Amino acid sequence: MKPVKVGVLGLGTVGGGAVNVLTRNAAEIARRAGREIIITRASAKDLSKPRICSTRGIIVSSDPMDVINDPDIDIVLELIGGAGPVKDMVLQAIANGKHVVTANKSLLALHGNEIFATAREQGVIVAFEAAVAGSIPIIKAIREGLSGNQIEWLAGIINGTGNFILTEMREKGRDFFAVLAEAQALGYAEADPTFDVEGIDAAHKLTLLASIAFGIPLQFEKVYTEGITKIARIDVEYAEQLGYRIKHLGIARKTADGIELRVHPTLIPEGRLIANVNGVMNAVLVKGDAAGPSLYYGAGAGAEPTASAVVADVIDVARALTSDPENRVPHLAFQANQLDDIPVLAADCFKTAYYLRLLAEDKPGVLADVTRILAHHHISIEALIQKQPLNDQTSVPVIMLTQVTAEKEMNAAIAEIEALPTVTGQINRIRLETLG
Ligand code: HSE
């Protein structure tokens with residue numbers, strides 16, 4: 001069979017890694033794909049920049065259109081990233097009848113509905129395993145491995161940079177910005193690292209996971225997103241004393257009222273496997289009605305882990321080149337005409353447990369006032385600890401864990417507690433999930 005010809009857009013961390021893996025493992029890849037896969041063209045913005053890969057035998061230009069418009073190219077690897085001009089490049093590649101493999105979560109989270117619809121019309125594949133959780137084949141696992149299940153919920157550590165920062169802060173007491181700089185140097189962080197630390201990158205990935213889990217359109221704008229920048233070291237310590245770890249989770253849950261889509265710091269019981277996922281590692285826990293819970297773990301960022309997913313997609317596309325488009329695995333797991341517009345719930349409809357930390361005067365009746373307000377909002381307390389005063393303060397930190405409650409009730413209760421004259425400042429609230 002004729003070799004499959006690949007063109008690569010972007011030769012940075014992920015593009016360079018993909019070139020290296022495709023080249024190094026060419027023989028093994030050909031045995032799997034049933035034909036040779038060769039890179040004939042590539043584009044890079046700055047041709048003089050040092051690269052992690054060799055470009056010997058590849059025609060490299062600074063114009064992506066040279067790759068996209070080359071009639072010999074079968075598969076375009078979009079490894080530039082970002083949702084700006086790249087959208088037009090991908091649409092042009094599709095219009096030219098190319099299959100596309102991309103690691104671009106922001107592009108698909110924002111424009112995926114249009115891109116997949118256009119790809120369907122053209123009968124081409126847009127594959128995106130590398131867009132979520134780096135090396136972990138989570139798209140394939142949910143879309144194919146769990147396709148007999150009704151997915152009830154999933155929860156994932158899906159940003160390697162954020163997890164790396166939280167781990168280094170917890171284990172070594174390192175400074176937030178020093179760890180972030182290291183993540184950038186290692187090629188883990190996004191071009192704009194606020195995407196990592198403010199949860200936007202995780203929200204992009206959660207958008208994709210929720211769509212293939214529940215058969216819903218991509219709806220990034222409806223994901224509730226909270227980052228890790230406000231996590232205080234003291235909360236990490238108190239959580240540990242109570243038997244919990246704080247992780248930055250993306251959670252998608254189907255409830256009777258609609259779907260919860262949320263990214264936020266979360267207390268998890270320390271005994272859960274996912275609570276022990278550290279460094280740049282990612283993990284996704286998926287609960288299917290038949291399979292029960294299953295956990296997927298692996299490196300979430302970095303050149304070769306991400307390239308592993310890119311190359312797996314290239315092989316899948318190479319195998320599918322001769323198949324009838326109607327008989328391919330649907331882009332978003334469900335047949336395109338079967339997507340269900342289940343409502344995505346507003347944040348005040350979430351139901352979860354909470355960790356609360358407040359600073360209260362140390363005198364009789366103060367805690368009674370606080371617990372009365374919680375009771376009034378039907379919020380049941382699971383644990384309550386009063387700590388020693390911090391430094392010279394006369395107020396004491398009070399830590400509470402609540403049972404599952406409606407976020408609307410919690411918001412109202414917090415506002416009332418903060419208004420008490422005996423409570424100082426704002427309550428620090430972190431959601432808690434047992435993931436049982
Ligand atoms: N910035 C991302 C992360 C890269 O840290 O997870 C992988 O998507």
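Please tell me the relative contact order of the chain in percent, rounded to the nearest whole number, where contacts are Cα pairs under 8 Å and at least six residues apart. Relative CO of the chain lands at 16 percent.
Here is the link list: Lys98/Lys140; Lys172/Lys287; Lys287/Lys387; Lys49/Lys230; Lys140/Lys222. Which ones come out longer than 28 Å on Cα distance? Result: Lys172/Lys287; Lys287/Lys387; Lys49/Lys230 exceed 28 Å.
For segment 153-232, applying the loop criterion from DSSP together with a ceiling of 11 other beta carbons within 10 Å to the chymotrypsin sites (Phe, Trp or Tyr not before Pro) yields no site. Need one word for segment 138-299: rounded, prolate or oblate. Basis is the Cα gyration tensor (sqrt eigenvalues a ≥ b ≥ c); a/c below 1.5 gives rounded, then a/b vs b/c decides. Prolate. The modelled label-to-label distance for the pair Ala95/Thr394, using points 7 Å beyond Cα in the direction of Cβ, is 7.2 nm. Calculate how steeply helix 176-185 sits against the longest principal axis of the alpha-carbon atoms of the chain, using the helix alpha-carbon long axis, and give the answer as 0 to 90 degrees to the nearest 10. Taking Cα atoms only, the helix is inclined about 10 degrees. Note on segment 348-432: percent of Cα-Cα distances in each 10 Å bin, starting at 0 and stopping at the bin with the largest distance, equals 19, 56, 23, 3. Using R0 = 25 Å, the C-beta based FRET efficiency linking Gln335 and Ala290 works out to 0.80. Put a plus charge on the Cβ of each Lys and Arg, a minus charge on the Cβ of each Asp and Glu, and nothing anywhere else: the dipole of the chain about its Cα centre is then about 940 debye. The phi-based Karplus calculation (6.51 cos²θ - 1.76 cosθ + 1.60; θ = phi - 60°) puts the 3J(HN,Hα) values of segment 316-331 at 4, 5, 4, 5, 8, 4, 9, 8, 5, x, 5, 9, 8, 5, x, 3 Hz, whole numbers, x for Gly and Pro.
What whole number of Å gives the distance from the Cα centroid of segment 410-436 to the Cα centroid of segment 126-193? If you average the Cα positions of each part, the centres end up 29 Å apart. Working note: Karplus 6.51/-1.76/1.60 with θ = phi - 60° gives segment 344-350 the couplings 9, 6, 6, 4, 6, 9, 4 Hz, where Gly and Pro are set to x.
Shape analysis of the chain based on the Cα gyration tensor places the equivalent ellipsoid semi-axes at 45, 23, 17 Å, largest first. Relative contact order for segment 1-40: 60 percent, from Cα pairs under 8 Å spaced at least 6 residues apart, divided by residue count.
Segment Asn25..Asn113, full-extension length gain: 28.3 nm, with 0.36 nm per residue of separation and the alpha-carbon distance subtracted.
In percent, rounded to a whole number, the relative contact order of segment 1-122 is 27, using alpha-carbon pairs under 8 Å and six or more apart.
Report the calculated FRET efficiency for Lys363 and Ala256 (r = Cβ-Cβ distance, R0 = 41 Å), to the nearest 0.05.
E between Lys363 and Ala256, to the nearest 0.05, is 0.40.
Using a Förster distance of 22 angstrom, determine the FRET efficiency expected from the C-beta separation of Lys172 and Gln426, and round it to 0.05. List each step's numbers first, then the result.
Numbers: r = 28 Å, r/R0 = 1.29.
Given R0 = 22 Å and the Cβ-Cβ separation, E is 0.20.
The label-point distance for Ile38 and Glu121, in a model that sets each label 7 Å from Cα toward Cβ, rounds to 3.4 nm. Couplings 3J(HN,Hα) for segment 395-400, derived from phi with the Karplus relation 6.51 cos²θ - 1.76 cosθ + 1.60 (θ = phi - 60°), are 7, 10, x, 10, 10, 10 Hz, where x marks Gly and Pro.
Taken as Cα centroids, segment 285-355 and segment 363-407 sit 40 Å apart, rounded to the nearest whole angstrom.
When exposed loop sites are taken as trypsin sites (Lys or Arg not before Pro) in a DSSP loop with at most 10 other Cβ atoms within 10 Å, the longest stretch of the chain clear of them is 231-436. Listed from fewest to most Cβ neighbours within 10 Å, the set Leu359, Leu108 follows the order Leu359, Leu108.
None of the figures in this text is laboratory data; all of them are computed from the coordinates on show. In this text, all values refer to a predicted model and were calculated from it rather than measured experimentally. Cβ atoms come from the backbone with ideal geometry, glycine included; neighbour counts cover every protein chain shown.
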